[in-house]
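Participant: Got a structure for you, written out below as structure tokens; questions coming shortly.
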Amino acid sequence: MFIEVFKSKIHRATVTEAFLHYMGSITIDEDLMDAANLIENEKVQVVNINNGERLETYVIKGRRGSGTICLNGPAARKAQVGDSVIIISYALMNFEEAKKHQPTIIFPKEGNKL
């Protein structure tokens, strides 16, 4: 049996950009991706602390060290620049592996820096 478990989280990042006329996704600074154990094209859930909106999308690699958190396409309607978001990823694991799994959680500082 496989179950879906919490894999990693970027807790309280600040939205730096929102581009409505884009194909979709969330662009994340590559430093944040590495620290949170995220890879390009990985499915994530984005939770907006300011307005309660939730959405699922996939990750696009942003410029390393830029602090970029950019909602693209329709997701841009779910947040404004300056909003705080939580970016969560999940993984399928067998039951025994899941019991031992320790998720990765990062807490970015001002400017989405580590």
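The values are calculated or read from the model by the stated rules, or taken from the named source; none is laboratory data. Model, not experiment: these values are computed from the prediction. Note: ideal-geometry Cβ built from the backbone for every residue, glycine included; neighbour counts use all protein chains shown.
Participant: Picking from Val59, Val5, which residue would you name as being in a strand (DSSP E or B) and either under 11 Å from the mean Cα position of the chain (by Cα) or among the small types (Gly, Ala, Ser) (or both)?
Facilitator: Val59
Participant: Among the hydrophobic types (A, V, I, L, M, F, W, C), in a loop (DSSP other than H, G, I, E, B) and modelled with pLDDT of 95 or more: is that true of Leu38 in this structure?
Facilitator: yes
Participant: Go through the range 3-30 and count every residue that is crowded, with 19+ Cβ neighbours inside 10 Å, of a type outside the set (S, T, N, Q) and closer than 22 Å to Gly65 by Cα.
Facilitator: Number of matching residues: 8.
Participant: Among the residues of the range 39-58 satisfying the criterion of being touching a helix residue (DSSP H, G or I) at 6+ places or on another chain (Cβ under 9 Å), farther than 16 Å from Leu92 by Cβ and not polar (S, T, N, Q), which is surrounded by the most Cβ atoms within 10 Å (Cβ to Cβ)?
Facilitator: Among those that are touching a helix residue (DSSP H, G or I) at 6+ places or on another chain (Cβ under 9 Å), farther than 16 Å from Leu92 by Cβ and not polar (S, T, N, Q), it is Val46.
Participant: I would also like to ask the following. Name the pairs whose Cβ atoms lie under 6 Å apart, with the first residue in the range 91-114 and over 27 Å from Thr16 (Cα atoms) and at pLDDT below 95, the second among the basic types (Lys, Arg) and surrounded by fewer than 14 Cβ atoms within 10 Å (Cβ to Cβ), and 6 or more positions between them or separate chains?
Facilitator: none
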